[in-house]
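Here's the structure we're looking at; comments come further down.
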Amino acid sequence: MAVAALRLDEIVARLGGRLIGDAGRSIRQVATLERAGPDEISFLANPKYHDKLAGTRAGAVILPEASAGACPVACIVSDEPYLYFARLAQWLNPPEALRPGVHPSASVESPIPDDASIGAGVHIGPATRIGARSRIGPGCVIGGGVILGENALLHANVTIYAGCRIGARAIIHSGVVIGADGFGFARERHGSWVKIPQIGGVLIGDDVEIGANTTIDRGALDDTVIENGVKFDNQIQIGHNVRIGADSALAGCVGIAGSARLGSRCTVGGGAVILGHLVIADDVNISAATLVTKSITEAGTYSGAVPAQEHAAWLRNFAHLRHLDSMADRIRTLEAQLARLPEAQQARSNDGEKKP
Amino acid sequence: MAVAALRLDEIVARLGGRLIGDAGRSIRQVATLERAGPDEISFLANPKYHDKLAGTRAGAVILPEASAGACPVACIVSDEPYLYFARLAQWLNPPEALRPGVHPSASVESPIPDDASIGAGVHIGPATRIGARSRIGPGCVIGGGVILGENALLHANVTIYAGCRIGARAIIHSGVVIGADGFGFARERHGSWVKIPQIGGVLIGDDVEIGANTTIDRGALDDTVIENGVKFDNQIQIGHNVRIGADSALAGCVGIAGSARLGSRCTVGGGAVILGHLVIADDVNISAATLVTKSITEAGTYSGAVPAQEHAAWLRNFAHLRHLDSMADRIRTLEAQLARLPEAQQARSNDGEKKP
Amino acid sequence: MAVAALRLDEIVARLGGRLIGDAGRSIRQVATLERAGPDEISFLANPKYHDKLAGTRAGAVILPEASAGACPVACIVSDEPYLYFARLAQWLNPPEALRPGVHPSASVESPIPDDASIGAGVHIGPATRIGARSRIGPGCVIGGGVILGENALLHANVTIYAGCRIGARAIIHSGVVIGADGFGFARERHGSWVKIPQIGGVLIGDDVEIGANTTIDRGALDDTVIENGVKFDNQIQIGHNVRIGADSALAGCVGIAGSARLGSRCTVGGGAVILGHLVIADDVNISAATLVTKSITEAGTYSGAVPAQEHAAWLRNFAHLRHLDSMADRIRTLEAQLARLPEAQQARSNDGEKKP
């Protein structure tokens, strides 16, 4: 898949940065500092890995100014080495050549652009619009009335329910389900559930990537909305009528309950859960495995998970979690008792170390 | 998909409630208070949204007696407005007309009722019984010896392993896997695992809905059992030999480990985990993201999750979780020391505020 | 599927153990102590179930020496009854007979061994090698350049991306996705994300089982590696460049973030999360729903989850989690004040109960 080769001077001519070393060196691929060979380029973005620089056999390294002096091979100096690396890696690894056409085993009830590629066993319902140069992998099922933007890439076995709309350049991985019914039921007095038809849709903007086996439910009445540039990792669950702001990125196994609204440029760590109907501001970072139970109005980082400890220590410590309220009472009582002692009052008046 | 239109007097004639306003008004669809237009009906169930009533442009609103006076448009008064809304929404949004027949690309090794619908690329194994008027979406794979009830709806790309039995009116969303092997292994002394064949089945009652990408494992020896009326959201994991009682509802990303038994009419919040072999009583509600480590014998609500806080505060507070045991010791020591002070004893005897 | 029948003397001749009772009794299947009939064999491994032994109607029971005296029927005495049971259950339940051949609806671009079985609607890309006697279930999609070992079993609707390598005797359940892109993006200053092409692969050893809807991402530059004998339950998420050591077993819904390394013979409980780039030693057991935030260098068991309690108690207790830091301060202050009291110093010197 990689392009033939790029010379270092070609690279800086297009992507910028300051080249130090042999301008004519050919680069065929990207690789780690440890594994890169003479025709590969690596990068150093995290100072933590600085000590791997000295031993690298890479043809060149993309790095910040401060590391240039320590680099034993050619280098490209950049303010943002990781971003530079991402752009170069894309250049060196263009998408596989598109093979336009509809596989004979596909069953298609809508017109397909000549330059789109429809894989084996795909089913596409009626009144659906597939964007130019889109690729639909084998086994995908796309319902009727769907709109899929240009240059979209659906890997194998993706399912899109009727009426969903997805923007340009979407990348959707295998096992993703978009537009299944939201979880909406009214309860009868004796406890059984009456289904509320989910008549909203799913509206996904441009440049959205969706990881394997992620599910995005359709809205109950209005739409579930994913704005431009959002990136989803694998196995994320998005409930009905959720709205995810532009350029937010969610790590694996995150769950967002119905009608929650996440701002733009948010990040959510793996396994975090956001309860329903909450509103999360722009530029909020939620740590991994954190449960968000209240709306968040200020940008910043929020955490709540309990880190692991050795099991016997955990047994000792966590037993007290059930008694925090009485521990707090006992501290209060001790403070009250001590406050009534004349000597204690005197001692306290001399206590320079005491916190307020 | 919606029916042509319903007059308000037709609606109350069938579903009950007290109509206030223009009996002849036509309703075509349900919508939110904010978005409903003159031919749409909305509802007010949660008093929190009462202030949206005044501005609604809906043709009518379903609401409780107490809100009727404040409604600017026609209304239907009901003791259970949300339930009323659910029933009306179903009436207005009947299932798509069934197109009976077997798609030519399907590969079917069992007889199919004339009034069932089998989608493109479906595979059905031998000795399987598909219920009348069932719909099997494109890409579904149903193993041999399966029994599927009447009026079942399998959306695209569902997988059902051999021998599973599923009741009438099931709704199964895309990506669901029913009947995969439970996680059962015996460990050899040196640490490797010997697979225990999973020869139990899965038995699912009537009126069960299963959300996208949920997995329900087959039993090891006996069956995994899902009773009538259970509702599963997306990405739920049900281990082997679990039993879920009738009319229980589980939100997204819940995990129930092997051989756990959940009672009837339970609710489980998103991301909660129930450990193996536990027994949970009827009418138990488990909060989101809660870990259940012991059986629960009494109906009620149970919680255990840690809510998020601002990251710096979390760092300060959660460091102490590792030291709760020593904090408890120190409180005990302080109490013992204070109890030995004659003045403290005197002070305590006068302490009207002290909690018992 | 079960073999015709085995006599007890045949069983001990092959699997060992000491037979007590009728050597000629025929056994057709395994079953639980409660449900087994006269032609079925059960086992007793956990002393917790000892009281079920007296009432069993099983034809025979596999059990430890200590329980032999209490067994009302024939028994096989074994040091490891559960392991013995696993091996016998495998013998009694051999895999279904393989039906070699390629289903006419499959679309296959690589040579297939004569003794392999390719199901309906399967798609296999070019330059892929399918091992002898492998079974590929209906609806599977296998990309180009894949290597799949001998005697592999892929259930229906599995997706394997291009270039992944999987060892012999793999068992892969429905909905599994192997080789989707890892979650790798560089961030631009204004907050949008640039995709980093994921050019590594996935390398899976021999004798690996993978549960339904589990996802294993391909590496960014190097490979994601799953060593021999690893067992994955359902809905597990394995990030890019993770390495899982031999014979480790992960329960359902576990998430392992990118570049984490898990040792050999580890076990991870359901819903646990391991953060990225951590290194976990061999023989580590992580409890269910535990978040691992730091590398673990010593074998042992590690926990961190908060067990559920009754909701009102939880409300009282967990409110204090936000104030642990101030509680700790207040204890420290009390200690300082008390230490300055002459009487307290005296009392403490007499305090035999005080912990160090």
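The values are calculated or read from the model by the stated rules, or taken from the named source; none is laboratory data. No experiment lies behind these values; they were computed from the predicted model shown. Cβ atoms come from the backbone with ideal geometry, glycine included; neighbour counts cover every protein chain shown.
For the reader, a short list of remarks on this structure follows.
- Taking each residue of the range A:146-159 that is within 15 Å of A:Val208 (Cβ to Cβ) and looking for partners that are crowded, with 24+ Cβ neighbours inside 10 Å and among the hydroxyl-bearing types (Ser, Thr, Tyr) with beta-carbon atoms closer than 7 Å, six or more apart or interchain, yields A:Leu148/A:Ser134; A:Glu150/A:Ser134; A:Asn151/A:Ser134; A:Ala152/A:Ser134; A:His155/A:Ser174; A:Val158/A:Ser174.
- Being more than 11 Å from chain B (Cβ to nearest Cβ) and in a loop (DSSP other than H, G, I, E, B) is true of A:Ala97.
- Among the residues of the range B:193-215, just one is surrounded by fewer than 19 Cβ atoms within 10 Å (Cβ to Cβ) and either under 24 Å from A:Gly175 (Cα atoms) or out of contact with any strand residue (DSSP E or B) (no Cβ under 8 Å at 6 or more places or on another chain) (or both), namely B:Asp206.
- Residues of the range A:118-133 classified as surrounded by 20 or more Cβ atoms within 10 Å (Cβ to Cβ) and either farther than 30 Å from C:Arg187 by Cα or of a type in the set (Asp, Glu) (or both), total: 9
- Residues in the range C:325-342 that are aliphatic (A, V, I, L, M) and either farther than 12 Å from B:Phe318 by Cα or at the interface with chain A (Cβ under 8 Å from one of its Cβ atoms) (or both): C:Met327, C:Ile331, C:Leu334, C:Ala336, C:Leu338, C:Ala339, C:Leu341.
- Of the residues making up the range B:260-267, not a single one is assigned to a loop (DSSP other than H, G, I, E, B), over 14 Å from the mean Cα position of the chain (by Cα) and more than 27 Å from B:Gly219 (Cβ to Cβ).
- Residue selected from the range C:68-88 under the condition aliphatic (A, V, I, L, M) and over 32 Å from the mean Cα position of the chain (by Cα), by the criterion farthest from C:Lys52 (Cα to Cα): C:Ala74
- Qualifying residue in the range A:91-110 (condition: crowded, with 19+ Cβ neighbours inside 10 Å and in contact (Cβ under 8 Å) with a residue 40 or more places away in the chain): yes
Here's the yes/no breakdown for (1) assigned to a helix (DSSP H, G or I); (2) in contact with a strand residue (DSSP E or B) (Cβ under 8 Å, 6 or more places away or on another chain):
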{"position": "B:Asn285", "(1), (2)": "no, yes"}
{"position": "B:Ala288", "(1), (2)": "no, yes"}
{"position": "B:Lys294", "(1), (2)": "no, yes"}
{"position": "B:Tyr302", "(1), (2)": "no, yes"}
{"position": "B:Leu315", "(1), (2)": "yes, yes"}
{"position": "B:Ala319", "(1), (2)": "yes, no"}
{"position": "B:Leu324", "(1), (2)": "yes, no"}
{"position": "B:Glu335", "(1), (2)": "yes, no"}
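- Any hit, the range B:133-143, residues being in a loop (DSSP other than H, G, I, E, B), of a type outside the set (Gly, Ala, Ser) and more than 14 Å from chain C (Cβ to nearest Cβ): yes
Conditions tested, residue by residue: (1) more than 30 Å from C:Pro138 (Cβ to Cβ); (2) polar (S, T, N, Q).
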position: C:Leu6; (1), (2): yes, no
position: C:Thr56; (1), (2): yes, yes
position: C:Pro64; (1), (2): yes, no
position: C:Pro95; (1), (2): no, no
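- Inspection of the range A:312-323 finds no residue satisfying the criterion of being at the interface with another protein chain (Cβ under 7 Å from one of its Cβ atoms) and modelled with pLDDT of 95 or more.
- Single residue of the range B:31-58 satisfying the filter (touching a strand residue (DSSP E or B) at 6+ places or on another chain (Cβ under 6 Å) and of a type in the set (A, V, I, L, M, F, W, C)) that is farthest from B:Ala4 (Cα to Cα): B:Leu44
- If the condition is being out of contact with any Leu (no Cβ under 8 Å at 6 or more places or on another chain), of a type in the set (Asp, Glu) and either in contact (Cβ under 8 Å) with a residue 60 or more places away in the chain or assigned to a loop (DSSP other than H, G, I, E, B) (or both), then the range A:21-65 contributes A:Glu34, A:Asp39.
- Filter result for C:Asp79 (part of a loop (DSSP other than H, G, I, E, B), within 30 Å of C:Ala66 (Cα to Cα) and not aromatic (Phe, Trp, Tyr)): yes
- Hits in the range C:166-186 - residues which are within 7 Å of chain A (Cβ to nearest Cβ), farther than 13 Å from C:Arg218 by Cα and not in a loop (DSSP other than H, G, I, E, B): C:Phe185, C:Ala186
- The range A:122-132: number of residues that are within 11 Å of another protein chain (Cβ to nearest Cβ), out of contact with any Asp or Glu (no Cβ under 6 Å at 6 or more places or on another chain) and part of a loop (DSSP other than H, G, I, E, B): 1
- Within the range A:274-310, the only residue that satisfies the criterion of being buried (at least 22 other Cβ atoms within 10 Å of the Cβ), more than 8 Å from every other protein chain (Cβ to nearest Cβ) and either over 23 Å from B:Lys48 (Cβ atoms) or of a type in the set (S, T, N, Q) (or both) is A:Val284.
- Residue among C:Ala220, C:Ala186, C:Ala180 that alone is over 25 Å from C:Ser110 (Cα atoms) and touching a His at 6+ places or on another chain (Cβ under 6 Å): C:Ala220
- Residue in the range B:155-162 that is in a strand (DSSP E or B), within 24 Å of B:Asp233 (Cα to Cα) and within 12 Å of chain C (Cβ to nearest Cβ) present: yes
- Of the residues making up the range B:324-337, just one is under 22 Å from C:Ala289 (Cα atoms) and surrounded by fewer than 17 Cβ atoms within 10 Å (Cβ to Cβ), namely B:Asp325.
- Whichever residue in the range B:43-61 is over 9 Å from B:Val73 (Cβ atoms) and of a type in the set (Gly, Ala, Ser) and, among such residues, is surrounded by the most Cβ atoms within 10 Å (Cβ to Cβ): B:Ala45
- Of the residues making up the range B:134-145, one or more are over 30 Å from B:Leu8 (Cβ atoms) and surrounded by fewer than 19 Cβ atoms within 10 Å (Cβ to Cβ).
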